[in-house]
């Protein structure tokens, strides 16, 4: 029986449709194959719990294959479409792990069995590549301690460090005081979780390599500090050395006698200040050697950064009342400094009143902020801007407000620090300005600006509806910080002249100094100049 020609002509089209349908089925099936995103831990001991994070595992349990062996059903603790938990079999060795479901099989991920990890042979003090085998907490808390167990961390830390996950454009590595260590050995690290840490993967970096990444989550039980509404700002700032007067001497000048050092600040990175980049680099501090009487030099820098507004969302009732004390962070940010008279009798008396019927650090900081705003009136041109002078006279500028708040908070046992920088107005002008921050466990640094909270705004600066309420826990994006805290670096040249500029925008012990062979010199410390802004809201 012959097939009609009209039907024969449709056979090629039919075959094409069947082929396309089969291809669609294959694509759909492949797109729904299980996908492993991460394993925790990646190094396990027999019997230890392993968690598999991923997608398309299916709600109905399938199977897990590790190093060619199917994990017994009794060892699988839980199964969902994106998370599987199981105990590593007793007789398994290192190998690839696969998830198999009715949708297909995932790609393999390496799991190492701790007892089977080869130890690198070495001589001297240098260990092999570090390996993290365990972490003591399922969730990290900002300002809390985390213990990492493993091998090859090194007996002495030296330049080794833990790299915590951070948002894009933010690195915690330069902030050594924010990432401090209570303990470091070849097999155990106790580290403080720094501000800016987010859920993701942490690792240990040593001179001999980088460890396996370990997935961590960050607990937000007491709230969070949100960075929003980024503004890109470009600034030019400079210092100028001139009018050098040398000391008369018949003897040869000793080394360093005719040197001048200038400590021009380097704009720091923080959760509110990211993507900091310079056009050209300078050493900090900058040192000019063997200068002559006619020496004149300008040190200039141009920096571009992304500045964020900050909003603290705090559940005050859940703020921990204690701080960890093992790393020295608490002691560092509550101690007295030359410009922060924490131990003054009058300050101690006020701090005792602030702590009366208060144990919550958030409420104590709130009381210190209110006391500062209530007991100072804003004024410029003061001869003494110190916090004690402000308390005595009732007047101060932003420098006085910031230092008084930081002093009171520290005296009341709440970690705090002043911040020096500039305010940037919408017409492109910059003004030296100071504000402060206090630290809460579980949240991080919380900003306050008591001077703006008291209404001391420059012209053409956006004013919130309730400045006093806004500037406790919130901060605008119209500013650049040049120094978080207090630069306590001492002088590097002995028996020489020291210069303190008038228009300061940082809090430093030393701005510029000369050696013993220099009688005097002039330091121009100009206010930074805005050369560009974008992203105004």
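The values are calculated or read from the model by the stated rules, or taken from the named source; none is laboratory data. None of the values given here were measured: they were computed from a predicted structure. Cβ: placed from backbone, ideal geometry, glycine included. Neighbour counts: every protein chain shown.
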**Request:** State whether one or more residues within the range 487-504 are surrounded by fewer than 16 Cβ atoms within 10 Å (Cβ to Cβ) and assigned by TED's automatic domain parsing to the domain that holds residue 363.
**Result:** no
**Request:** Tally the residues that are buried (at least 17 other Cβ atoms within 10 Å of the Cβ), in a loop (DSSP other than H, G, I, E, B) and either in contact with a strand residue (DSSP E or B) (Cβ under 9 Å, 6 or more places away or on another chain) or not assigned by TED's automatic domain parsing to the domain that holds residue 398 (or both), restricting the search to the range 430-456.
**Result:** 5
**Message:** Where the second residue is modelled with pLDDT under 75 and part of a loop (DSSP other than H, G, I, E, B) and the first is assigned by TED's automatic domain parsing to the domain that holds residue 71 and surrounded by fewer than 18 Cβ atoms within 10 Å (Cβ to Cβ) and lies in the range 90-104, which pairs have Cβ atoms under 9 Å and are six or more apart or on separate chains?
**Reply:** 94/117; 104/32
**Item:** Residues that are part of a strand (DSSP E or B) and over 35 Å from the mean Cα position of the chain (by Cα), drawn from the range 237-259
**Value:** 242, 243, 244, 245, 246
**Item:** residue 401, sole failed condition from (1) in contact (Cβ under 8 Å) with a residue 60 or more places away in the chain; (2) closer than 18 Å to residue 376 by Cβ
**Value:** (1)
**Message:** Restricting to the range 70-96, name every residue that is modelled with pLDDT of 85 or more and assigned to a strand (DSSP E or B).
**Reply:** 70, 76, 77, 78, 79, 83, 84, 85, 86, 87
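So, residue 142, is that one out of contact with any helix residue (DSSP H, G or I) (no Cβ under 7 Å at 6 or more places or on another chain), outside the structural domain of residue 67 (by TED's automatic domain parsing), farther than 28 Å from residue 36 by Cβ and modelled with pLDDT of 80 or more or not?
Yes, satisfied.
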**Asked** Going by the structure shown, is residue 154 in a loop (DSSP other than H, G, I, E, B), at pLDDT 90 or above and touching a helix residue (DSSP H, G or I) at 6+ places or on another chain (Cβ under 9 Å)?
**Response** no
**Complete:** Among 291, 262, 342, the single one that is assigned by TED's automatic domain parsing to the domain that holds residue 439 and over 24 Å from the mean Cα position of the chain (by Cα) is 342
**Prompt:** Residues that are farther than 30 Å from residue 515 by Cβ: which strands (runs of 3 or more DSSP E) entirely in the range 270-376 hold 3 or more of them?
**Reply:** 273-278, 297-314
